[in-house]
Amino acid sequence: MTDRPSILVPIRVLEGESIPEGVSELLANAHVVLLGYHVIPEQTAPGQARMQFEERATDRLEAYGSLFEQAGATVERRLVFTHDGQKTIDRTIAEHDCLAVLVPNATRPVEDVLVAVRGTVGVDRLARVVAGVFGETNASVTLYHVAEDEETDEDVGTLLDGLVDRLDDLGVDAPRIETRVERDTDTLDAITDASEVFDVVVMGETDPSLATFVFGMPADQVADRFLGPVLVVQRDAASTTPEE
Amino acid sequence: MADERVDVESTGQNVAGQAPVEEPEAVTDDVTVHDDEVELERTIGLVGGLAIGIGTMIGAGIFVFPGLAADNAGLAATLSFVIGGLIALLVALPTSELATAMPRSGGGYYFISRSMGTAYGAVVGLGLWLGLMFASAFYLVGLGHYASAVFVELGVELPFSPVTGIGLLFGVGLTALSIGGTENTAKIQNVVVGILLVVLTGFLSYGVLDAVGVFGGGSVPEEFFSRGYFPVLTTAALVFTSYLGFAQVATVAGEIKRPGRNLPLAMVGSVVIVTVFYVVTIFVATSAFGADRLGQFGETAMVEVARDFLGLPGAVAILGAGLLATFSSANASILSASRAVYALSRDALLPRKASEVNLRYGTPHVALLAAGGPILVLVGTGRVELLAEVASFLHLIMYGLMCVALIVLRRRNPEWYSPSYRVPGYPVVPAVGALASFGLIVFMQRASIAIGVVVMAASYLWYRYYAGSVTLKGDI
């Protein structure tokens, strides 16, 4: 058994965003921090929006939360009225110590997981998310790495083997894990191309904030082109030193 | 400043059967928490707070008043601005303490209703709403003067004075913009304030150097109290409208990040910054022309001062800055007025409908119309000095009562009252602040005082009629 990893699921709850098909099953083994947020213009006081929309928003959030609970997840709900969705998401990640954020897109039952491994930094959190979410499923996990020019095959081998061992310790049996390494290609293109045959992508954030991911950093091209759910593993906010 | 809350059991209901919205569970650096699961995000930082304060204030003191003030008080108008700044500071300090103890939307209205009861709260809250309308109208008329000056500069001769018409036009435009616009207005406000400060700093530095004779001009020595001593105080009462902005920071106290730190810094900081700018401006302006000639130029005197120093480019720069400044001040006041309506409606002192949010734009269209509509009527009068004084009157009542509220709270010292910033020099500072605020009113024109008193009486009667059974006072 592994600890349930905390996964943030941000939903613009009053703008018709809902939980797409398959997402609740995807996070059945996680601790879901369900963030319903509503972005209001600066002319409006957040409390003003709350007076009018709280009931409707709470009802929806309640219903979405039940979806996750029925699938087996533990759920924590938060409803936030804000002028700045990005700040709200970042703060919630920090306050609830979320390991990853889900970009919720519909998916079929998960059989193949693509894990984009960038380097040693944050690799432990990556492992905890993969093991926590997919450890008890039968999904096969593919560790995917685009090697830099200066990286030797030996370096790459050490990196991926270490991760395989770590995942094995955490309950993802080694036989379920494949590794794939590519060279001489643009990292983003490579990931999006490779992700086409997979159901879910797990990747590290390219920027200190998830929100930049959602709102338009290079990585969101992955989500856009991939069309399936993406788990964005967050950096450890507390420490900048590489974890063991 | 974690997890403190005002211990208030607001009770009762208004004529329409609406009860005040319950108080939040907790207030933290980042959010206001209701019912454990619902959070209101705080998103305005220190820069944003300063921009609200400075942006609201700077339009009046520099771009509208120098001519009028010099006309009234001569060179000693400089002293009038110093007096205004001192009073503002004496109020800003206690306000900071109250705001860190109760960082909620509504500012002065909230502090007073929770510490002194609903009746005082209603008079102040409705007075704040109306006072902000007078202030916005005043800024819009000022804007009208600047826009007219642009026509004059372009050599366009109009058969009528366009001041009021332009003011009305911008009043309608601003209201429509705040209802329908979802752009990031705060960022724009920050940029506008930044540009203004840069333009003014450049202009004033040149002016000061010129005034002390660096560029060979030098100023004509003139008698300081050329109009006597009394006009110094009446002028201070008139120009006090230039110092109304810091309390607007408290109106959005519920949205300020790290309120314990940022609220005092933003309020006191903006008062100090604008006071320096005002005093230097009036010094430069009077030394350029002497008080008599300056007075003849009226609302747009600064344009002539700039022309004197830097020729046509200077005049154009100050014209542009004046338009920007009066526009940003009017805009900030309309938004604050809408916040005041929300705070009153939340507490059932106005119909709940008044703070309704528009489904299409997400903006409080009723509150904005309730602010923008009456402003047009006020702009229609076109009377700069009267509008300014009534605005000041209604704010000064609130300022005085805030100081009193602070003394009340400190004496009773209820358990929930734990401000993270405490005013230095208690009880002298709040006591002097209260006396000075109420005292300044005495020096206003009779008409302004009369209108102010009528507004207060009407507010009280409205409270008795509409929400007589509503109790908002905290446990003190």
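Bear in mind these aren't lab numbers, they're just calculated from the coordinates by the rules spelled out. Quantities reported herein were computed from a predicted structural model and do not represent experimental measurements. Here Cβ is always computed from backbone atoms with ideal geometry, including for glycine, and neighbour counts include all displayed protein chains.
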Worksheet item: Based on the alpha carbon coordinates of chain B, what radius of gyration and maximum Cα-Cα distance (Dmax) apply, in Å?
Response: 21.7, 72
Practice prompt. Please report, in debye to the nearest 20, how large the charge dipole of region B:45-467 is about its Cα centre when each Lys and Arg carries +1 at its beta carbon and each Asp and Glu carries -1 there.
Written response: 1680 debye
Worksheet, complete the sentence: Magnitude of the Cβ-charge dipole (Lys and Arg +1, Asp and Glu -1) of region A:6-103 about the Cα centre, nearest 20 debye, reported as 140 debye
Worksheet item: Against the longest alpha carbon principal axis of chain A, how many degrees, from 0 to 90 and to the nearest 10, is the axis of helix A:123-134 turned?
Response: 70 degrees
Discussion item. Over the Cα atoms of region B:35-131, each weighted equally, I'd like the Debye log10 I(q)/I(0) at q = 0.14, 0.17, 0.19 Å⁻¹, rounded to two decimals.
Written reply: -0.76, -1.01, -1.14
Worksheet entry | Inter-label distance for A:GLU17 and B:SER205, nm, one decimal - labels placed 7 Å from Cα along Cα-to-Cβ | 4.6 nm
Discussion item. How shielded is B:354-364 by partner chains, expressed as the average number of their Cβ atoms within 10 Å of its Cβ atoms?
Written reply: 5
Worksheet item: Between the helical axis of B:428-441 and the dominant principal axis of chain B, each derived from Cα atoms, what acute angle in degrees is found, rounded to the nearest 10?
Response: 60 degrees
Discussion item. If R₀ is 51 angstrom, what is the calculated FRET efficiency for the pair A:THR74 and A:GLU151, using the beta carbon separation as r and rounding to 0.05?
Written reply: 0.85
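Using helices alone, I'd like the mean residue ellipticity at 222 nm for chain B: each DSSP H run of four-plus residues gives -39500 (n - 2.57), total over residue count, nearest 500.
One gets -23500 deg cm²/dmol as the mean residue ellipticity at 222 nm.
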Worksheet item: In degrees, nearest 10, range 0 to 90: what is the angle between the Cα axis of helix B:163-180 and the longest Cα principal axis of chain B?
Response: 40 degrees
Worksheet item: Where the Cα atoms of region B:325-466 are projected onto their three principal axes, how long is each span, largest first, in whole Å?
Response: 47, 39, 38
Discussion item. If I model a spin label as a point 7 Å beyond the Cα along the Cα-Cβ vector, how far apart are those points for B:LYS353 and A:ALA28 in nm?
Written reply: 5.2 nm
Worksheet item: Net charge near A:PRO229, counting Lys/Arg +1 and Asp/Glu -1 over other residues with Cβ under 12 Å of its Cβ?
Response: -2
Practice prompt. Using only the alpha-carbon atoms of region A:1-54, report the extent along each of the three principal axes, biggest first, to the nearest angstrom.
Written response: 48, 23, 16
Discussion item. Using all alpha carbons of region A:30-128, what is the percent of pairwise distances in each 10 Å bin, ordered from the shortest bin to the longest?
Written reply: 12, 36, 34, 14, 4
Worksheet item: Out of A:ALA28, A:PRO46, A:THR74, whose Cα points farthest toward the positive end of the dipole of region A:6-103 (charges: +1 Lys, Arg; -1 Asp, Glu; placed on Cβ)?
Response: A:PRO46
Item to complete: Enter the per residue convex hull volume of region B:116-160, computed from alpha-carbon coordinates, in Å³ rounded to the nearest integer.
Response: 47 Å³
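Kindly provide the Kirkwood hydrodynamic radius of region B:289-407 in Å, to one decimal, from all pairs of distinct alpha carbon atoms. Can you show the working numbers first?
Numbers: mean 1/r = 0.0572 Å⁻¹.
Mean inverse Cα-Cα distance, inverted, gives 17.5 Å.
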Worksheet item: Given B:MET133, B:GLY144, B:VAL163, which one lies farthest toward the positive end of the charge dipole of region B:123-272, if we put +1 on the Cβ of every Lys and Arg and -1 on the Cβ of every Asp and Glu?
Response: B:MET133
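Work out the length of the dipole vector of the protein assembly as shown about its Cα centre, built from +1 on the beta-carbon of each Lys and Arg and -1 on the beta-carbon of each Asp and Glu, and round it to the nearest 20 debye.
The calculation lands at about 4840 debye.
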Worksheet, complete the sentence: For A:LYS87, the lysines lying under 28 Å Cα to Cα, once residues fewer than eight places off in the same chain are dropped, come out as B:LYS187, B:LYS257
Worksheet item: Regarding chain A, what are the three Cα extents along the principal axes, ordered largest first, in Å?
Response: 60, 35, 32
Worksheet item: How do the peptides B:239-252, A:167-180 rank, highest first, by the average count of neighbouring beta carbon atoms within 10 Å per residue?
Response: B:239-252, A:167-180
Worksheet entry | Peptides ranked, highest mean first, by Cβ atoms within 10 Å: ranges A:51-58, B:358-365 | B:358-365, A:51-58
Discussion item. Using a 10 Å cut-off around each Cβ of peptide A:32-43, what is the average number of partner chain Cβ atoms that fall inside?
Written reply: 6
Worksheet item: Hull surface divided by four, with the convex hull built on the Cα atoms of region B:96-140: how many nm²?
Response: 3.4 nm²
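Inside 10 Å of the C-beta atoms of B:336-349, what's the mean count of C-beta atoms belonging to other chains?
Mean partner shielding for this stretch: 2.
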Item to complete: Could you tell me what percent of the DSSP beta bridges with both partners in the protein assembly as shown are antiparallel, to the nearest 5?
Response: 25 percent
Fill in: Calculated [θ] (222 nm, deg cm²/dmol) that DSSP helices of n ≥ 4 give over chain A, each run adding -39,500 (n - 2.57)
-11500 deg cm²/dmol
Worksheet item: Which Cα, out of A:VAL200, A:THR58, A:LEU143, lies furthest along the positive dipole direction of chain A (beta carbon charges, K/R +1, D/E -1)?
Response: A:THR58
Discussion item. Please report, in whole Å³, the volume per residue of the convex hull around the C-alpha atoms of the protein assembly as shown.
Written reply: 185 Å³
